[in-house]
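Novice: Below you will find the structure I want to go over with you.
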Amino acid sequence: MAIKRALSYFLKYVEEPSADRSVSRVEFIAEITPFHLRGYHAELLRLRSRTTVDDYFNRVRTLLRFAGTTSDATRREINKRQGWSKPETQIERYSKRDFVRIRDAARKVIEDAHARIHAAHLEALEHGAGNAPDTAKGLALHELMTLGMPQSKAGFRSLAALGPHDYRQRFVARRHLFLDGDEVLAAAVLMACHRGLNLSPIVMSGMPVEIDADTVQLDLDKPRRGPGLRFWPEILTDNTDRNDQAARDVRMIAEATEPARTWLAHNNQPSQRLLIRWPFTANKPHFGVPSATHQQGAGTRDGNGASWIPEGIRIDFQRLRRSVPHQGVAKEPTDHNPSTYLHYVRTDALALAEQQLEAAAGIQTAMDRARLEVQNRMREGQDSGESKDALIANCRDPETKPKTGLPCTTGYFSFLDCLDCENAATVSRLLPRQLAALDVLEDLRDALGDAWERKFARRYYMLKSIVERHSPAERLAAADQVKAHRPSIIAALRQEGPR
């Protein structure tokens, strides 16, 4: 599925070039040039997150590498190293006050647009059904909804426009039934303020939607997560709980963009989108948010953004997503693999601080429990002689297990079990080996992940609590001997004989 999505996006890029990219149309793989690849990579960087960019671009490179007709120049471009990914930057959440200002400003824009469009839409429908007087305005609105503009000067005048001779006048007429770019931006912002949705389904795809009678179901464009997480959490109908502001806002946006879907359906165009606008000079509706406003950080009152944006605020969808109450980075990676979840935590200052505090509290709890267990089972100073030393502990009776009376093999191959044995004691001469064991276990932590927690965590903290009994000067002196004991620790963990 991921390969198919990456390839389809690349083919769309090379087969449907826009004028601002100056890329010639490509019909065969042999025609793909390094210029296409570099342009595609730049386009991905502009529209997608860094993780998605790397995934899509590497998949396309792999497919082209195995294609028999790929040109030599393109192969050289494919084989170039991409270099290090740019460092992760912290995404600062909006303050609660700024978040509310943005959300309320966006809702006010949509409420005004809905009041303008919904009444005109009902009038157009009544005229089309023959249930209203045959007025010039009713006819003009019906023509606007089905044909894109009134078909007579009288129709234009009834909509406060002079005529079809100027695209400005056509825009004046179309505002009766269609959202403009600023209003669609407000709709996208309002949606982002509710569920912390990803950027792509809101901004670029225009939010896939299924509308049937009184039902609106939003597709979050995340098929890899399965049906349970692909769609907006609830079906929105006229019977939806009126306390759900999100449901009311979705319904309002759906009603404001219904004339656009009617025009698209009447002209045999795909129409299942929630966010649809009719740009100033375009000859048909477009999906999603204008490209000039959905780039990260774009949109300011004193710059090149929409006039409704509150003073001193820049619209950033990634920041909006992180700022949604109770929708930030979760404590568990429920919707992402561990590496992607870790990326989200590292780029969110608040989540990172919360995770660090929680991790520190967890470690402290583990250390407290380990100190209690060691205090109960380890008796410092009970030295039975160097000849009875196990790998990391001194044993009172190396030949026999105290609970079973059976011969003991724990002292080497399962040396961590000594930490739970009542025969064991810690002595200063074993400190270098104990430090070496801690060192090796630390190295294993990243490699084993959750398995490390299950297999080693408890004994690791017990051993660490034993080492803490020694003074800093003793630990520093023993550190010089750690390297010499690492091979024995590794061999024991591998169930190999002593070296």
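The values are calculated or read from the model by the stated rules, or taken from the named source; none is laboratory data. This is a predicted model, so every value here is computed, not measured. Ideal geometry is used to build each Cβ from the backbone, glycine not excepted, and the neighbour counts take in all protein chains shown. Just the protein is used for accessible areas: all its heavy atoms, side chains included, with ligands, DNA and RNA removed. Shrake-Rupley method; radii C 1.70, N 1.55, O 1.52, S 1.80 Å.
Novice: Identify, from the list Thr89, Thr74, Thr69, the residue that is among the hydroxyl-bearing types (Ser, Thr, Tyr), assigned to a helix (DSSP H, G or I) and modelled with pLDDT under 90. Working first, answer last.
Specialist: Numbers: Thr89 fails: assigned to a helix (DSSP H, G or I); Thr69 fails: assigned to a helix (DSSP H, G or I).
Every option except Thr74 fails the conditions.
Novice: Also, I was wondering about something else. State whether one or more residues within the stretch 377-394 are in a helix (DSSP H, G or I) and either modelled with pLDDT under 70 or touching a His at 6+ places or on another chain (Cβ under 9 Å) (or both).
Specialist: If we filter the stretch 377-394 for residues that are in a helix (DSSP H, G or I), which is where we start, we get 377, 386-388.
Among the residues that remain, those that are also either modelled with pLDDT under 70 or touching a His at 6+ places or on another chain (Cβ under 9 Å) (or both) are: 377.
Yes; the residues of the stretch 377-394 include at least one that is in a helix (DSSP H, G or I) and either modelled with pLDDT under 70 or touching a His at 6+ places or on another chain (Cβ under 9 Å) (or both).
Novice: Okay, next question. Please work out which one of (1) within 13 Å of Leu391 (Cα to Cα); (2) open to solvent by 20 Å² or more (accessible area, probe 1.4 Å) is the condition Gly449 fails and give its number.
Specialist: (1)
Novice: Also, quick follow-up: Name the residue that is farthest from Asp389 (Cα to Cα), counting only residues in the stretch 459-471 that are open to solvent by 40 Å² or more (accessible area, probe 1.4 Å) and at pLDDT below 85.
Specialist: Across the stretch 459-471, the extreme among qualifying residues is Ser471.
Novice: Could you name every one of the helices (runs of 4 or more DSSP H) located completely within the stretch 135-221 that has at least 1 residues being within 18 Å of Ala246 (Cβ to Cβ), open to solvent by less than 20 Å² (accessible area, probe 1.4 Å) and at pLDDT 90 or above? Steps first, answer last, please.
Specialist: Details: elements: 136-147, 153-158, 167-174, 181-195.
Helices (runs of 4 or more DSSP H) meeting the threshold: 181-195.
Novice: Continuing with this model, one more query. Within the stretch 223-238, is even one residue modelled with pLDDT of 85 or more and in a strand (DSSP E or B)?
Specialist: Let us first name the residues in the stretch 223-238 that are modelled with pLDDT of 85 or more, namely none.
No, the stretch 223-238 has no match at all.
Novice: Can I ask one more? Looking at (1) assigned to a helix (DSSP H, G or I); (2) surrounded by 15 or more Cβ atoms within 10 Å (Cβ to Cβ); (3) of a type in the set (Lys, Arg), find the lone condition where Lys108 falls short.
Specialist: Only one criterion is unmet by Lys108, namely (2).
Novice: Can you tell me which residue within the stretch 332-352, out of those that are exposed (fewer than 11 other Cβ atoms within 10 Å of the Cβ) and of a type outside the set (Asp, Glu), is modelled with the lowest pLDDT? Before the answer, list the steps.
Specialist: Residues of the stretch 332-352 exposed (fewer than 11 other Cβ atoms within 10 Å of the Cβ): 332, 334, 337-339.
After this cut, where a residue has to be of a type outside the set (Asp, Glu) as well, the list is 334, 337-339.
Numbers: Thr334: 61, Asn337: 67, Pro338: 68, Ser339: 69.
Restricting to residues being exposed (fewer than 11 other Cβ atoms within 10 Å of the Cβ) and of a type outside the set (Asp, Glu), the top hit is Thr334.
Novice: Out of the residues in the stretch 111-134 meeting the condition of being touching a helix residue (DSSP H, G or I) at 6+ places or on another chain (Cβ under 7 Å) and either among the β-branched types (Val, Ile, Thr) or outside any helix (DSSP H, G or I) (or both), tell me which one is surrounded by the fewest Cβ atoms within 10 Å (Cβ to Cβ).
Specialist: Ala132
Novice: Turning to a different aspect of this structure: Filter the stretch 257-278 down to residues that are under 15 Å from Gly288 (Cβ atoms) and surrounded by 20 or more Cβ atoms within 10 Å (Cβ to Cβ), then give me how many there are.
Specialist: In the first step, residues of the stretch 257-278 are kept if they are under 15 Å from Gly288 (Cβ atoms); the result is 257, 260-261, 264, 269-278.
Those still in the list that are surrounded by 20 or more Cβ atoms within 10 Å (Cβ to Cβ) too: 257, 260-261, 271, 273-278.
Matching residues across the stretch 257-278 total 10.
Novice: Here are the criteria: (1) open to solvent by less than 90 Å² (accessible area, probe 1.4 Å); (2) modelled with pLDDT of 80 or more; (3) part of a helix (DSSP H, G or I). Tell me which single one Arg97 does not satisfy.
Specialist: (1)
Novice: Continuing with the same structure: Return only the number of the condition from (1) of a type in the set (Ser, Thr, Tyr); (2) in contact (Cβ under 8 Å) with a residue 40 or more places away in the chain; (3) in a helix (DSSP H, G or I) that Tyr40 does not satisfy.
Specialist: So the condition that Tyr40 fails would be (2).
Novice: Any idea how many residues of the stretch 406-445 are more than 22 Å from Gln495 (Cβ to Cβ) and open to solvent by 50 Å² or more (accessible area, probe 1.4 Å)?
Specialist: Summing the residues that are more than 22 Å from Gln495 (Cβ to Cβ) and open to solvent by 50 Å² or more (accessible area, probe 1.4 Å) in the stretch 406-445 gives 3.
Novice: Regarding Ala282, is this residue out of contact with any Ser or Thr (no Cβ under 6 Å at 6 or more places or on another chain), modelled with pLDDT of 70 or more, within 21 Å of Arg116 (Cβ to Cβ) and surrounded by fewer than 19 Cβ atoms within 10 Å (Cβ to Cβ)?
Specialist: Numbers: out of contact with any Ser or Thr (no Cβ under 6 Å at 6 or more places or on another chain): yes; modelled with pLDDT of 70 or more: yes; within 21 Å of Arg116 (Cβ to Cβ): yes; surrounded by fewer than 19 Cβ atoms within 10 Å (Cβ to Cβ): yes.
Against the criterion (out of contact with any Ser or Thr (no Cβ under 6 Å at 6 or more places or on another chain), modelled with pLDDT of 70 or more, within 21 Å of Arg116 (Cβ to Cβ) and surrounded by fewer than 19 Cβ atoms within 10 Å (Cβ to Cβ)), Ala282 qualifies.
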